[in-house]
């Protein structure tokens, strides 16, 4: 049986994780894997999460299934968090996903059923997993320009030249905030222009909302997704609680579908439930229940929001410190863009040979496209990292 198979290509992030773990050097720096790190280089359990988890443990009476749609109260809390009431609830249907990736999988599968072999336009560059998710859903991947490697900012003109040509049968995948891998994000005015284009062309928006609260704030980061949802008759949103609640391994996500009316929304809901039943049968609940408890408890929610603000502000501080250190040491503004980006990532624009040199000679690990996880920057070694980057890039 297995003789017909060839070895599959492993995800480059997991390969890098293994290389980092095997590196015996004490001074190595992990800027690769996309998880939040605290000053001790740990991915912490948020205090609000720990309290919610204890409350669940103390009160739990069963481990039976929640049903195919999952934890409805969790989903309702996320819809309110992401959309803030800008859409009539009768048009919204939700199911839980196994993380944000699971939510994307469900939504793309529905779109693949609605438009078999249909075109989905994805930003160039994008999170690499977007591509196999779309291909596995029977969608045909195309790209729209997004990032200008010269300015290290969004190439909005080039992006809109493609977006403006889309049709009513096309899907466009948009990063809701904190673009992965670039860290360069659309402004509110640019979001307005994207929505105006979608209104004209009828193209269908799918928003990947994986980092809400990691950029400028919960409300500020929701501008784009709320503009899309409030302005267009149909859209889909994949929400992840992995980053903003620190629930990476718990796989808590929500697939949100907004239809023209309640009848159409019921049809989409039946399709989402059918996909869940035919793939994972039932959705996981532990992470979903943690988020539900936090969002429904005023004190825990306030505690969570305070922690999230601290995480966000730390990443902003690290951005400024690294950009300032490079400018001070090199007398060059070439890396000032790091301070203007937002979210967890920045794309440095370094050649793969330089990325490899940083890894082998200096123990600085980043993805081979030179994406760095800003949260992985050791705050007490910013000057040292600046020296490595200046020497390697020079």
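Potential lengthening of the chain between residue 151 and residue 22 amounts to 42.9 nm, from the contour at 0.36 nm per residue minus the alpha-carbon distance.
Which of 357, 12, 243 comes first, and how do the rest follow, when ranked by fewest Cβ neighbours within 10 Å?
Details: 357 17, 12 13, 243 23.
Ranked by crowding around the Cβ, least crowded first: 12, 357, 243.
Under a Gaussian network description of the chain, with springs only between Cα atoms under 10 Å, the residue in 332, 346, 242 that fluctuates furthest is 332.
Under the rule a/c < 1.5 gives rounded, and otherwise a/b versus b/c splits prolate from oblate, where does the stretch 159-294 land using the Cα gyration tensor? The partial results should precede the final answer.
Numbers: a/c = 2.10, a/b = 1.22, b/c = 1.72.
It is oblate, given that a/c is not under 1.5 and a/b is not larger than b/c.
Kirkwood Rh over alpha-carbon pairs of the chain, then Stokes-Einstein at 20 °C and 1.002 mPa s: what D in µm² s⁻¹, rounded to an integer? Calculated translational D: 98 µm²/s.
Which whole-number percentage describes the relative contact order of the stretch 50-297, with Cα contacts under 8 Å and a sequence gap of 6 or more? Before the final figure, lay out each step's value.
Working: 479 pairs, mean separation 73.0, N = 248.
In percent, rounded to a whole number, it is 29.
Placing a pseudo-label 7 Å from each Cα along the Cα-to-Cβ vector at residue 262 and residue 187 gives an inter-label distance of 4.2 nm.
Could you check what % of the DSSP bridge pairs in the stretch 177-258 are antiparallel, to the nearest 5? Could the numbers behind the result be given before it?
On the way: 6 of 10 bridges.
Counting only bridges with both partners in the stretch 177-258, antiparallel ones make up about 60 percent.
Once you order the gyration tensor axes a ≥ b ≥ c over the Cα atoms, which shape class does the stretch 96-146 get: rounded for a/c under 1.5, otherwise prolate or oblate by comparing a/b with b/c? Oblate.
Cβ neighbours within 10 Å, averaged per peptide: list 348-354, 361-367 in order, most packed at the top. Don't jump to the answer; show the numbers that get you there.
Details: 348-354: 16.0, 361-367: 19.6.
Going from most to least packed, we get 361-367, 348-354.
The C-alpha atoms of the chain define a longest principal axis, and helix 12-22 lies at about 50 degrees to it.
What share of the DSSP beta bridges in the stretch 50-297 is antiparallel, in percent to the nearest 5?
Numbers: 15 of 32 bridges.
Close to 45 percent.
Place a point 7 Å from Cα of residue 58 in the direction of its Cβ. Which residues in the stretch 292-334 have their backbone N less than 14 Å from it? Zone members listed by number: 300. For the stretch 238-302, state the average projected area of the convex hull of the C-alpha atoms over all orientations, rounded to one decimal in nm². Dividing the Cα hull surface by four gives the mean projection, 5.5 nm². With just the Cα atoms defining each centre, how far is the stretch 1-32 from the stretch 308-363? Give it in Å. Between the Cα centre of the stretch 1-32 and that of the stretch 308-363, the gap is 23 Å. Expressed as a fraction of 2.2 N^0.38 Å, the value expected for a compact globular protein of N residues, the C-alpha radius of gyration of the stretch 74-170 is 1.25. Inter-part distance, the stretch 98-143 to the stretch 178-219, computed on C-alpha centroids, equals 17 Å.
Read the figures in this text as sums done on the coordinates, not as results from a lab. All of these numbers come straight from a predicted model, not from anything done at the bench. Every residue, glycine as well, gets a Cβ built from its backbone with ideal geometry; the counts of neighbours run over all protein chains shown.
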